[in-house]
Amino acid sequence: MHDRTKTLFIETVGCQMNVLDSELVVGSLRRQGYELVHDATAADVVLFNTCSVRAHAEEKIYSALGRLRRHKRDNPEVVLGVLGCMAQKDQEEVRRRAPHVDMVVGTGQLARVPELVEEVKRTREPQYALSLGRTDGGKQEVAASFESFDPPRDASMRPTPFQAYVRIQIGCDKFCTYCVVPATRGPEQSRHPDHIVAECRQLAGEGCKEVTLIGQTVNSYKFDHGDGRRSRLSDLISRIHDIAGIDRIKFVTNFPKDMTDDLLDAVRELPKAVKYLHVPVQSGCDDVLKRMKRLYTVGSYREMLHRSREKVPGVAISSDFIVGFCGESEKSFEKTMDLVHEAKFKNSFIFKYSPRPGTKADDLYADDIPEEVKKRRNNDLLAVQNVNSLEDHKQRIGDTVEVLVEGPSKVGERQPAGVRQLTGRTMTDHIVVFDGHDRLIGQTLTVHIREASPFTLYGAAETGEVPGGELTPRDVESKAPAPRRSLPVL
Ligand code: SAM
Ligand code: SF4
């Protein structure tokens, strides 16, 4: 009998860590002969890589699982799996609410996915693979149960062939009171720098130009070699900087208290280090920060901002905020508005507080801010941020910047002569759109900035390749993408 190609569908919700995990899971299944399809009902294996940071992300997955209930009943041979944060945190709940799921695999066990898929097919029994909970054993034991999953990469699975996420740290030990990550991703562990450098070298060999080093608190990265030597993030960036072919090095997300001078010096001194820092502050009120257990004050955050800008002239800084956290009074919120107003962040990601069962905040404090108030505060904060973003962008009109071209913009339909609107990022992580040929994708170009909106810079590429030359302001108007709320992949 003809052996049909095995097919795989995966939906990913959440942060860069999840995007990378999905890339690696898909890579490992491809090596077993699976081909990716974009319709869940056409796949032999259907996987959901999940996020638990906010309730909304979880509900999205339960709805998707609900929609597949009948399909699974009619096609019992299909393997349905829930991976990642929800799997690690709520395996019982997943089993209860979606009993048709065959596989529940936590964040620290993803390397086992191919083996578990085979096991489901062989036995038709549900399979579970989870790491230990934070209080299920000693720290070493719990840490060991979260395996860092970084198998050989599958270049074709990356968002673009010339950009890649590289995990340098797993887990988190900060225990902010609102956050599930320490429970879903386990103890903080830094990866051996030699392994990271080897992975970056391999990526460079495959044509990757930009690496984004990822960790929950990436700037607290430290690896003790056991002989008195310690590698910090600044040391790691210096080593990656020496790799031929890698042109840009980014890192996310930073914890304010761990923004050390050696790191800022490295960002300033190393030309390939992107001059952009994502450093979430969460609130502009000390009382709220204390209840969040963020371990810094608004004053020390301001000092960090000042020091970063002094040490790295021109650095762009962005932040995250949670509005409507337990007990956030109007006065507290006003302080956050003041901070956003004065801090001049490049952009801010703003979230309404979502109480998470099992977290300290959910145990200790009432979720006492009504939804409408959270919504209003979200909008108010965003409005202040948008004014600042527009001001920042307007100051860049007339600048000439280096842009790594990422691909077509959202409105990038091809026009006559093969030109379309492309998008890319500057060395300060600003988004720039301009007209050009597809063959420019993956190249670093010089672009002259002509126009600005709160979300995007518009420019003209300096290249002999664009017939018709520069965009006029009128073209720019007509091609401008609809204003977009800037949201991270979370
Ligand atoms: N480790 C990063 C840090 O500390 O900045 C962030 C990780 S978290 C996945 C990303 C963002 O989600 C946080 O910065 C915070 O703003 C938001 N977040 C986390 N828990 C949340 C909750 N319970 N409700 C609303 N937003 C939350
Ligand atoms: Fe969550 Fe805080 Fe850790 Fe960030 S630092 S992942 S917000 S516990």
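Any idea which of VAL218, VAL181 is of a type outside the set (Ser, Thr, Tyr), within 27 Å of VAL101 (Cα to Cα), within 16 Å of ligand 2 (Cβ to nearest atom) and surrounded by 15 or more Cβ atoms within 10 Å (Cβ to Cβ)?
VAL181
Yes/no matrix, rows are residues, columns are (1) under 28 Å from ALA143 (Cα atoms); (2) among the small types (Gly, Ala, Ser):
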residue: HIS56; (1), (2): no, no
residue: GLY66; (1), (2): no, yes
residue: VAL78; (1), (2): no, no
residue: GLN88; (1), (2): yes, no
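Which of the residues that make up region 353-389 are within 15 Å of ligand 2 (Cβ to nearest atom) and in contact with a strand residue (DSSP E or B) (Cβ under 8 Å, 6 or more places away or on another chain)?
TYR353
Considering (1) charged (D, E, K, R); (2) within 16 Å of SER283 (Cβ to Cβ); (3) within 15 Å of ligand 2 (Cβ to nearest atom); (4) assigned to a helix (DSSP H, G or I), say which one ASP338 fails and leave the rest.
(3)
Tally up the residues in region 222-242 that are crowded, with 19+ Cβ neighbours inside 10 Å and either closer than 22 Å to THR426 by Cβ or out of contact with any Pro (no Cβ under 9 Å at 6 or more places or on another chain) (or both), please.
Taking region 222-242 first, the residues crowded, with 19+ Cβ neighbours inside 10 Å are 223, 231-234, 236-237, 240.
Now narrow it down to the ones that are either closer than 22 Å to THR426 by Cβ or out of contact with any Pro (no Cβ under 9 Å at 6 or more places or on another chain) (or both): 232-234, 237, 240.
Total satisfying the criteria: 5.
Within region 244-266, work out how many residues are hydrophobic (A, V, I, L, M, F, W, C), assigned to a loop (DSSP other than H, G, I, E, B) and buried (at least 18 other Cβ atoms within 10 Å of the Cβ). Reasoning before the result, please.
Let us first name the residues in region 244-266 that are hydrophobic (A, V, I, L, M, F, W, C), namely 244, 246, 249, 251-252, 255, 259, 263-264, 266.
Retained after the next criterion (residues that are assigned to a loop (DSSP other than H, G, I, E, B)): 244, 246, 255, 259.
Filter once more, so that each one left must be buried (at least 18 other Cβ atoms within 10 Å of the Cβ): 246, 255, 259.
Residues that pass the stated criteria total 3.
Would you be able to tell me the number of residues in region 324-377 that are over 25 Å from the mean Cα position of the chain (by Cα), of a type in the set (A, V, I, L, M, F, W, C) and within 13 Å of ligand 1 (Cβ to nearest atom)?
Summing the residues that are over 25 Å from the mean Cα position of the chain (by Cα), of a type in the set (A, V, I, L, M, F, W, C) and within 13 Å of ligand 1 (Cβ to nearest atom) in region 324-377 gives 2.
Residues to consider are VAL403, VAL411; find the one that is part of a strand (DSSP E or B), more than 16 Å from ligand 2 (Cβ to nearest atom) and under 30 Å from PHE162 (Cβ atoms). Full working, then the answer.
Details: VAL411 fails: part of a strand (DSSP E or B).
Result of the check over VAL403, VAL411: VAL403.
Does ALA198 satisfy the condition of being aliphatic (A, V, I, L, M), within 29 Å of VAL105 (Cβ to Cβ) and within 16 Å of ligand 2 (Cβ to nearest atom)? If you could, list the steps in order and put the result at the bottom.
On the way: aliphatic (A, V, I, L, M): yes; within 29 Å of VAL105 (Cβ to Cβ): yes; within 16 Å of ligand 2 (Cβ to nearest atom): no.
When the stated conditions are applied, ALA198 does not pass them.
What are the residues in region 328-348 that are in contact with a Ser or Thr (Cβ under 7 Å, 6 or more places away or on another chain) and either of a type in the set (Phe, Trp, Tyr) or within 22 Å of MET86 (Cα to Cα) (or both), if any?
Scanning region 328-348 gives a single hit, PHE345.
Within region 220-243, how many residues are under 26 Å from PHE162 (Cβ atoms) and either touching a Ser or Thr at 6+ places or on another chain (Cβ under 7 Å) or not in a helix (DSSP H, G or I) (or both)?
At the first step, the residues of region 220-243 found to be under 26 Å from PHE162 (Cβ atoms) are 221, 233-243.
Filter again for either touching a Ser or Thr at 6+ places or on another chain (Cβ under 7 Å) or not in a helix (DSSP H, G or I) (or both), leaving 221, 242-243.
Total satisfying the criteria: 3.
Within region 414-451, count every residue that is assigned to a strand (DSSP E or B) and either modelled with pLDDT of 95 or more or closer than 28 Å to PHE345 by Cβ (or both).
As a first pass, look at region 414-451 and keep what is assigned to a strand (DSSP E or B): 419-425, 431-437, 444-451.
With the extra rule that they be either modelled with pLDDT of 95 or more or closer than 28 Å to PHE345 by Cβ (or both), the set shrinks to 421-425, 431-434, 444-451.
Residues flagged as assigned to a strand (DSSP E or B) and either modelled with pLDDT of 95 or more or closer than 28 Å to PHE345 by Cβ (or both) within region 414-451 amount to 17.
How about region 139-196: which of its residues are polar (S, T, N, Q), at pLDDT 90 or above, out of contact with any Asp or Glu (no Cβ under 6 Å at 6 or more places or on another chain) and not in a helix (DSSP H, G or I)? Talk me through it step by step, then tell me what you get.
Taking region 139-196 first, the residues polar (S, T, N, Q) are 140, 145, 148, 156, 160, 163, 169, 177, 184, 189-190.
Still in the list and also at pLDDT 90 or above: 163, 169, 177, 184, 189-190.
Checking the rest, the ones that are also out of contact with any Asp or Glu (no Cβ under 6 Å at 6 or more places or on another chain) come to 169, 177, 184, 189-190.
Matches in region 139-196: GLN169, THR177, GLN189, SER190.
Filter region 38-59 down to residues that are crowded, with 17+ Cβ neighbours inside 10 Å and over 18 Å from the mean Cα position of the chain (by Cα) and give me whichever is nearest to ligand 2 (Cβ to nearest atom).
Within region 38-59, the match that is nearest to ligand 2 (Cβ to nearest atom) is LEU47.
Can you tell me which residue is nearest to ALA87 (Cα to Cα) among those in region 171-192 that are polar (S, T, N, Q) and more than 10 Å from ligand 1 (Cβ to nearest atom)?
First, pick out the residues of region 171-192 that are polar (S, T, N, Q): 177, 184, 189-190.
Next, only the ones that are more than 10 Å from ligand 1 (Cβ to nearest atom) stay: 189-190.
Numbers: GLN189: 20, SER190: 23 Å.
It comes out as GLN189.
Would you pick out the residues in region 267-313 that are assigned to a helix (DSSP H, G or I) and in contact (Cβ under 8 Å) with a residue 60 or more places away in the chain?
Here is the first cut: in region 267-313, the ones assigned to a helix (DSSP H, G or I) are 267-269, 286-292, 298-311.
Within region 267-313, ARG291, MET292 qualify.
Output the qualifying pairs, or none if there are none: Cβ atoms under 8 angstrom, residues six or more apart or on different chains, first residue in region 130-146 and polar (S, T, N, Q), second residue in a helix (DSSP H, G or I).
Listed pairs, sorted by first residue: SER131/GLN88; SER131/THR107; SER131/GLY108; SER131/GLN109; SER131/VAL142; SER131/SER145; SER145/GLY108.
Out of LYS89, LYS121, which single residue is within 16 Å of ligand 2 (Cβ to nearest atom), basic (Lys, Arg) and closer than 24 Å to VAL79 by Cα?
Working: LYS121 fails: within 16 Å of ligand 2 (Cβ to nearest atom).
The match here is LYS89.
The values are calculated or read from the model by the stated rules, or taken from the named source; none is laboratory data. This one's a predicted model, so the numbers in the text were calculated from it and none came from an experiment. Reconstructed Cβ throughout: ideal geometry from the backbone, glycine too, with neighbour counts over all protein chains shown.
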